[in-house]
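The values are calculated or read from the model by the stated rules, or taken from the named source; none is laboratory data. If you're wondering where the values come from, they're calculated on a predicted model, not measured in any experiment. Note that each Cβ is placed from the backbone with ideal geometry, even for glycine, and that neighbours are counted across all protein chains shown. The accessibility values were calculated without ligands, DNA or RNA, using every heavy atom of the protein model including side chains. Shrake-Rupley method; radii C 1.70, N 1.55, O 1.52, S 1.80 Å.
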Amino acid sequence: MSEQFDVIWRKGDGEKPEKAQHVADAAKEELLLRSLNLSTDAENSVRYNANKENLTISEYITSLVMSAVQSA
C-alpha cells in the first residue's frame, strides 16, 4: 500500500479549500452522531431524516432537541 498522499490544506495556510471544509464538516457530523451511542438503525434513521429534510445531521439533532425542550 502506498503511503503517498497530497496535502490539500494545513492549519495556518489560510482559508480552507471547499473540498477540505466539506471533509471536515462530514467528519464532525459523524463524530457527533457516533458520540450519541445510538443503535445502527437509529443512526441510519437520523441520517435519512436529516437528508430528507435537507439538513445537516447537527441541524436535525438540534431541531429534535429544541422540539423536546419547547414541549416540556
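The condition (being over 19 Å from residue 61 (Cα atoms) and loosely packed, with under 11 Cβ neighbours inside 10 Å) is satisfied by just one residue among 6, 41: 6.
Would you check if there is a residue in the stretch 22-29 being modelled with pLDDT of 95 or more, open to solvent by 70 Å² or more (accessible area, probe 1.4 Å) and not polar (S, T, N, Q)? Looking for residues that are modelled with pLDDT of 95 or more, open to solvent by 70 Å² or more (accessible area, probe 1.4 Å) and not polar (S, T, N, Q), one finds none in the stretch 22-29, hence no.
Would you mind stating whether residue 16 is at pLDDT below 85 and either among the polar types (S, T, N, Q) or on the phi < 0 side of the Ramachandran plot (or both)? Yes; evaluated as a whole, the condition is true for this residue. Pairing each residue of the stretch 28-53 that is farther than 15 Å from residue 65 by Cα with any residue that is of a type outside the set (Ser, Thr, Tyr) and not in a helix (DSSP H, G or I), provided the two are 6+ apart or on different chains, yields C-beta distances under 9 Å for 42/36; 43/36; 45/38.
Is it true that some residue in the stretch 48-59 is surrounded by 12 or more Cβ atoms within 10 Å (Cβ to Cβ) and among the charged types (D, E, K, R)? Yes.
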